[in-house]
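The values are calculated or read from the model by the stated rules, or taken from the named source; none is laboratory data. None of the values given here were measured: they were computed from a predicted structure. As a convention, Cβ positions derive from the backbone with ideal geometry for all residues, glycine included, and neighbour counts pool all protein chains shown. Ligands, DNA and RNA are stripped out before the accessible areas are found, and what is left, the full protein with its side chains, is counted by its heavy atoms. Shrake-Rupley method; radii C 1.70, N 1.55, O 1.52, S 1.80 Å.
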Amino acid sequence: MRFKLLFLTVLILSGLTAIAGRQEAGSISPDVNQALDHISADSLRGHLSFISSDLLEGRATPSPGLDIAAEYIAAQFRRAGLEPVGDDGYFQTANWKLAETPADGFVLKLKNGGETISLTPRQISALSDKSVSIEDAVLVKASVEDLTSDAAKVAGKVVIIEAVGATPNELARKLSLLNPAVALIVDRSTSAGRGLAAPRLIDPENIRAAGGAPFPLMMILHEKRVGALYDALPSGETAARVDLTVPSRVERPVKLRNVIALLRGSDPVLKETYVLVTAHYDHVGVRPDMAGDNIFNGANDDGSGTVSVIEIASALTKLKHRPKRSLVFMTVFGEERGLLGSRYYGRHPVFPLAKTIADINLEQVGRTDSSEGSQVGRATLTGFDFSDLGPTFKRAGELTGVEVYKHEQNSDSFFGRSDNQALADAGIPAHTLCVAFVYPDYHKVGDHWDKVDYANLARTDRMVALALWMMATSETAPKWNEANPKTARYVEAWKKLQGL
């Protein structure tokens, strides 16, 4: 009798397990579904209306606005009860330097006869950051034709030239090959400049500067009196003289921060493996030379990815049964200046890269008004068939009403244009999930929070959250597609990472 009861019990439990397995494969379990329901369009709207507000002034790296965004993200991780894993709470700190040219030491005077034109930093756009101090130097007037017919007219001289038939930046590239001492480029199309050369970030670890510019010293002059002076001068050496002082750059320390939180897994072994969810929380800041609205708010790029990381993290903390693997939620600095924050993490991983099985980077997931037409209910991965993550997201999309597809033109070409690249270079299967590759207001001041499709963003985030849950509960880690020749470098990095 006991044997029969035992046998019957085992049979029932086996049947229940089989049913649960079929439910997991073909539908969303009640526990997971309840967690996904916490992803809210209104909540996303609330987060993004702050992250991309004018108060944060475009979140340039570095800037006070970027620091405020970091504090806000950390506060949301704290509110969700996520575990802080940085060197300073939720922050992973990069101690870098910022090299800036002091504006108060700048002098530029063009003297011709009894007339002197003095320009301020707001009337120029410096294209390089070389310091210089010259007084009463001869001014040489050149033309675009001189750059090919009489290059000796330019070399080693203080040259004034007008951009005709080329943009000032295109002309500057040509001039840089001829090595003038200083090149002053007349621009009659605008009345305000960007000022002295942009501050240059210096990473002490590799002495590589972000945002630097080539020598020689070149600057665009935005002042109508300079145009009149240029017209009045004869070609070649003139009687006009130049006083120019550009002070040496001054370095000051800056703290740049990735914001990182952990939802620790439940399996005794697999909890020591990690799935990363990333987005960059910086944008390009403010353009002081622009009239009117000059704040690049970056609501879709990448405020939408940032608030998605916040919202997905908060939702998955509601799971009654945590996934086997650990989930790492990270927003990074400096993507717009060259993937700085994600590459910093690649050199200073909080969790072992060899134990990091995947990175899903979220970028431009809020706007559905793509240049290719409406993208409602659709999303794509860069490098769609570089690894076996594509089918995972496709299955998650089928269960949440999102078509996950490969974009034939952009999937591969956009693979290296966001923070997934830094993790892929380390050997980790890493992709960026995107809704609209190109959309109105891309890198323009009109990228505002009220243009985001929040209902679609919430649906997309539910799909991403489900795909993350699938990865984090699977016994099998994602793998690069070795049959695709474009993955060879990543496969090699992965093998090196695993000691193979």
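Overview of values
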item: HN-Hα J in Hz across the range 168-181 - Karplus 6.51, -1.76, 1.60, θ = phi - 60°, x for Gly and Pro; result: x, 6, 5, 4, 4, 4, 5, 5, 4, 6, 9, 6, x, 5
item: For the chain: relative contact order, % (alpha-carbon pairs under 8 angstrom, 6 or more apart); result: 19
item: Reach of residue 153 by Cα under 28 Å, taken over lysines that are not fewer than 8 positions away in the same chain; result: 109, 111, 130, 141, 174, 224
item: 21 Å Cα-Cα reach of residue 496 towards lysines, excluding residues that sit fewer than 8 places from it in its own chain; result: 355, 479, 486
item: Per residue accessible area in Å² of the range 245-289, where ligands, DNA and RNA are left out and the probe is 1.4 Å; result: 38
item: All-pairs Cα distance distribution in the range 318-464, expressed in whole percent, bin size 10 Å; result: 11, 38, 38, 13, 0
item: Cα→Cβ-extended label distance, 7 Å offset, between residue 206 and residue 500, nm; result: 2.5
item: Debye intensity ratio in log₁₀ form over the Cα atoms of the range 98-189, taken at each q of 0.12, 0.14, 0.15, 0.22 Å⁻¹; result: -0.40, -0.54, -0.63, -1.30
item: Highest-first arrangement of 272-280, 72-80, 383-391, where packing means the average Cβ count within 10 Å; result: 272-280, 383-391, 72-80
item: Semi-axes of the equivalent ellipsoid for the chain, Cα gyration tensor, largest first, Å; result: 55, 21, 20
item: Lys, Arg +1 and Asp, Glu -1 on Cβ, resulting dipole of the chain about Cα centre, debye, nearest 20; result: 1360
item: Sequence of 363, 492 when ordered by accessible area, the most exposed leading, probe 1.4 angstrom; result: 492, 363
item: Carbon + sulfur, % of accessible area of the chain - ligands and nucleic acids excluded, 1.4 Å; result: 54
item: Extension gain, residue 152 back to residue 403 (0.36 nm per residue minus Cα-Cα distance, nm); result: 84.3 nm
item: Per-q log10 I(q)/I(0), the range 49-96, q = 0.25, 0.28, 0.29 Å⁻¹ (Debye; single scatterer per alpha-carbon; no solvent); result: -0.95, -1.03, -1.06
item: Accessible surface, per residue, of the range 36-153 when the full set of protein chains is kept, probe 1.4 Å, Å²; result: 45
